[in-house]
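The values are calculated or read from the model by the stated rules, or taken from the named source; none is laboratory data. Worth saying up front: this structure is predicted, and the values here are computed from it rather than measured. Cβ sites come from the backbone with ideal geometry, for glycine too, and all protein chains shown count toward neighbours.
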């Protein structure tokens with residue numbers, strides 16, 4: 001009995017010790033694995049935060065340099081002065097001059113992009129067959145894939161001479177041709193998003209309308225468009241913020257002279273074109289000229305942020321739930 | 001009785017005819033509207049080809065820019081573009097994919113995640129020139145990278161980061177839940193699920209996003225002008241270990257540079273007609289490059305999506 005118990009004890013303790021050792025090893029590897037998983041998660045989190053750092057960086061840089069700028073130039077002058085001559089001896093800093101250029105060029109662009117984009121969206125969503133849509137949509141999206149500098153070249157050397165044949169007094173640099181080309185470039189932004197919104201309208205709404213005897217056009221205009229209005233409005237807003245932020249077409253084709261006018265037949269500088277113009281010269285770091293581009297950039301940023309927020313709000317508020 | 005009925009039917013048919021006519025009018029309008037876009041594209045290509053093709057030759061790719069238009073080439077521009085793209089890809093791909101994996105697979109639903117999400121969709125709407133200002137203030141002057149390939153590459157990487165993140169998230173979201181559950185059931189850790197299954201399966205979508213992002217980056221002009229890239233560069237960045245004294249492995253990162261869009265801008269803004277032909281030729285090269293990348297991405301997405309059956 002004693003012998004057996006001792007042998008049994010011996011034969012029992014060895015496996016238990018082994019088991020305990022193994023368990024401890026498991027626990028160790030598990031803890032190790034947990035630590036490693038935790039570390040990986042931290043690395044991934046850091047990567048996700050890079051976008052936040054970018055925003056913080058943008059705001060920090062713009063605000064820091066703008067504060068330095070506004071310590072020289074009163075905000076009131078910046079907003080109300082009607083001259084923009086920051087690099088002259090008699091320096092004036094009236095952002096309204098550059099804003100006029102931005103507003104004029106965007107207005108021309110949107111006058112092209114919004115009607116054409118909307119018509120194309122309605123056509124592709126409600127009229128075109130499957131095949132037409134599959135071919136036309138990527139073809140139109142090519143327009144937004146062409147680098148904007150090439151559109152600038154096109155506006156200056158193709159569209160402007162063309163317009164000069166119709167209207168001979170048109171100067172070589174003008175907002176009109178830049179705006180037209182910019183509008184055509186923005187068409188796909190407007191049409192793609194609007195079409196997506198229209199296609200998301202459930203079939204039952206269309207069927208109801210057809211059952212009442214409505215034609216395609218009536219259904220499209222009176223049922224589908226109102227139902228997709230929030231998405232369409234968001235597409236317009238995206239188009240606006242593209243137009244406001246567009247740089248190279250205007251820098252190349254619209255000339256870079258600040259000009260307080262809303263006439264698209266004249267040359268004018270936009271906020272973006274001014275930044276390019278200054279960056280092309282070599283202004284010393286920390287000079288007032290260097291700081292003006294950050295103040296202009298801040299204005300631009302606030303402008304697009306404003307439109308983006310409206311777009312975000314529109315999508316939220318008027319999102320139809322079917 | 002029947003006469004009035006047939007008269008009313010005729011009236012009804014008239015109304016229908018009028019409405020149908022509006023249908024036809026609108027369909028024509030739609031086609032015309034699309035033609036505006038397509039014809040513009042065609043005119044753009046026609047203009048570039050007629051002006052540019054005579055200038056395209058082997059020398060055009062192997063010559064530096066010159067004061068004489070007929071001898072100028074895009075050597076420094078295309079080398080610069082490639083090197084900047086290299087830096088952009090090396091930064092944007094790992095960071096973008098990792099960030100997307102975090103948001104899609106790890107992140108808990110809380111205010112912090114919401115902030116990151118709103119922030120990314122906001123960044124996608126920031127004009128590209130603002131990224132140039134960020135780079136000018138931060139990379140060029142605060143970090144002291146100067147007006148270098150490194151500054152430009154990082155700037156464009158930040159610019160395309162939202163594109164890469166959104167594409168990767170969509171690719172991951174398209175993978176069905178049972179793939180994850182199967183892997184967990186076999187005892188895989190979360191990272192093993194991600195690295196062994198989700199990333200490989202999502203690769204087509206991720207690749208598409210990366211290519212589209214890079215094709216956008218290669219055509220960007222404004223942010224690179226803003227950081228102060230030079231428009232006239234008649235030398236190449238130093239090759240590692242070449243020259244005397246030998247250049248270090250990373251010296252090219254800090255070299256001054258130019259890129260194709262800037263070269264085009266420079267040639268377009270000269271009054272001399274001959275330089276406009278150079279601009280057209282360089283535009284043709286650039287547009288073939290970007291549209292080629294876009295087409296590859298579309299083809300890739302189409303092709304690979306067709307083969308997937310979950």
In the range A:39-78, what count of residues is obtained for those that are without any contact (Cβ under 8 Å) to a residue 12 or more places away in the chain and more than 10 Å from every other protein chain (Cβ to nearest Cβ)?
5
Given (1) in contact with a strand residue (DSSP E or B) (Cβ under 7 Å, 6 or more places away or on another chain); (2) within 21 Å of residue A:285 (Cα to Cα), identify the lone condition not met by residue A:62.
(1)
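Results for (1) more than 9 Å from chain A (Cβ to nearest Cβ); (2) assigned to a helix (DSSP H, G or I), shown as yes or no for each residue.
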{"site": "B:14", "(1), (2)": "yes, yes"}
{"site": "B:21", "(1), (2)": "yes, yes"}
{"site": "B:39", "(1), (2)": "yes, yes"}
{"site": "B:47", "(1), (2)": "no, yes"}
{"site": "B:67", "(1), (2)": "yes, no"}
{"site": "B:86", "(1), (2)": "yes, yes"}
{"site": "B:95", "(1), (2)": "no, yes"}
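Just checking, does the range B:106-114 include any residue being crowded, with 20+ Cβ neighbours inside 10 Å and either at the interface with chain A (Cβ under 9 Å from one of its Cβ atoms) or assigned to a helix (DSSP H, G or I) (or both)? Give the derivation first.
First pass over the range B:106-114, keeping only residues crowded, with 20+ Cβ neighbours inside 10 Å: none.
Among the residues of the range B:106-114, not one is crowded, with 20+ Cβ neighbours inside 10 Å and either at the interface with chain A (Cβ under 9 Å from one of its Cβ atoms) or assigned to a helix (DSSP H, G or I) (or both), which makes the answer no.
Could you please let me know if residue A:245 is within 14 Å of chain B (Cβ to nearest Cβ), crowded, with 23+ Cβ neighbours inside 10 Å and touching a residue at least 12 places away in the same chain (Cβ under 8 Å)? Explain how you work it out, then say what you get.
Numbers: within 14 Å of chain B (Cβ to nearest Cβ): yes; crowded, with 23+ Cβ neighbours inside 10 Å: yes; touching a residue at least 12 places away in the same chain (Cβ under 8 Å): yes.
Taking the combined requirement at face value, the residue satisfies it.
Any idea which residue in the range A:270-296 is nearest to residue A:89 (Cα to Cα), counting only those that are part of a helix (DSSP H, G or I) and facing chain B (nearest Cβ under 7 Å)?
Within the range A:270-296, the subset part of a helix (DSSP H, G or I) is A:271-280, A:288-296.
Among the residues that remain, those that are also facing chain B (nearest Cβ under 7 Å) are: A:272, A:275-276, A:279-280, A:293-294.
Numbers: A:272: 23, A:275: 19, A:276: 21, A:279: 19, A:280: 20, A:293: 18, A:294: 20 Å.
So the residue we want is A:293.
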Can you find, within the range A:154-195, the residue that is surrounded by the most Cβ atoms within 10 Å (Cβ to Cβ) among those that are away from every other protein chain (no Cβ under 14 Å) and part of a helix (DSSP H, G or I)?
A:175
Suppose we filter the range B:24-41 for residues that are crowded, with 16+ Cβ neighbours inside 10 Å and under 30 Å from residue A:212 (Cα atoms); how many remain?
6
Looking at the range B:117-125, can you tell me whether even one residue there is in contact with a helix residue (DSSP H, G or I) (Cβ under 9 Å, 6 or more places away or on another chain), more than 10 Å from every other protein chain (Cβ to nearest Cβ) and outside any helix (DSSP H, G or I)?
no
Of the residues that sit in the range A:87-132 and are within 14 Å of chain B (Cβ to nearest Cβ) and not in a helix (DSSP H, G or I), which one is surrounded by the fewest Cβ atoms within 10 Å (Cβ to Cβ)?
A:129
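Could you look through the range B:136-158, keep only residues that are within 30 Å of residue B:239 (Cβ to Cβ) and facing another protein chain (nearest Cβ under 9 Å), and pick out the one that is surrounded by the fewest Cβ atoms within 10 Å (Cβ to Cβ)? So that I can check it myself, show each step before the final result.
To start, the set of residues in the range B:136-158 that are within 30 Å of residue B:239 (Cβ to Cβ) comprises B:136, B:138-158.
Remaining after also requiring facing another protein chain (nearest Cβ under 9 Å): B:136, B:138, B:140-142, B:158.
Working: B:136: 27, B:138: 20, B:140: 21, B:141: 17, B:142: 13, B:158: 26.
The selected residue is B:142.
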Going through (1) farther than 28 Å from residue B:292 by Cα; (2) at pLDDT 80 or above one by one, residue B:264 fails only at (1)
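Pick from A:251, A:214: which is without any contact (Cβ under 8 Å) to a residue 12 or more places away in the chain and either farther than 30 Å from residue A:172 by Cβ or crowded, with 20+ Cβ neighbours inside 10 Å (or both)? Quick ask: steps written out before the conclusion?
Values: A:251 fails: without any contact (Cβ under 8 Å) to a residue 12 or more places away in the chain.
Being without any contact (Cβ under 8 Å) to a residue 12 or more places away in the chain and either farther than 30 Å from residue A:172 by Cβ or crowded, with 20+ Cβ neighbours inside 10 Å (or both) holds for just one of A:251, A:214, which is A:214.
Condition check: at pLDDT 75 or above, touching a helix residue (DSSP H, G or I) at 6+ places or on another chain (Cβ under 7 Å) and surrounded by 24 or more Cβ atoms within 10 Å (Cβ to Cβ). Does residue B:274 satisfy that? Please lay out each step first, then the result.
Numbers: at pLDDT 75 or above: yes; touching a helix residue (DSSP H, G or I) at 6+ places or on another chain (Cβ under 7 Å): yes; surrounded by 24 or more Cβ atoms within 10 Å (Cβ to Cβ): no.
Here the answer is no, as residue B:274 does not meet what is asked.
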Taking the condition within 14 Å of chain A (Cβ to nearest Cβ) and surrounded by fewer than 15 Cβ atoms within 10 Å (Cβ to Cβ), does residue B:187 pass?
yes
Among the residues in the range B:110-131, are any at positive phi and either in contact (Cβ under 8 Å) with a residue 60 or more places away in the chain or not assigned by TED's automatic domain parsing to the domain that holds residue B:301 (or both)?
no
Name every residue in the range B:231-256 that is buried (at least 16 other Cβ atoms within 10 Å of the Cβ) and either within 14 Å of chain A (Cβ to nearest Cβ) or at pLDDT 85 or above (or both), in order of residue number.
B:256
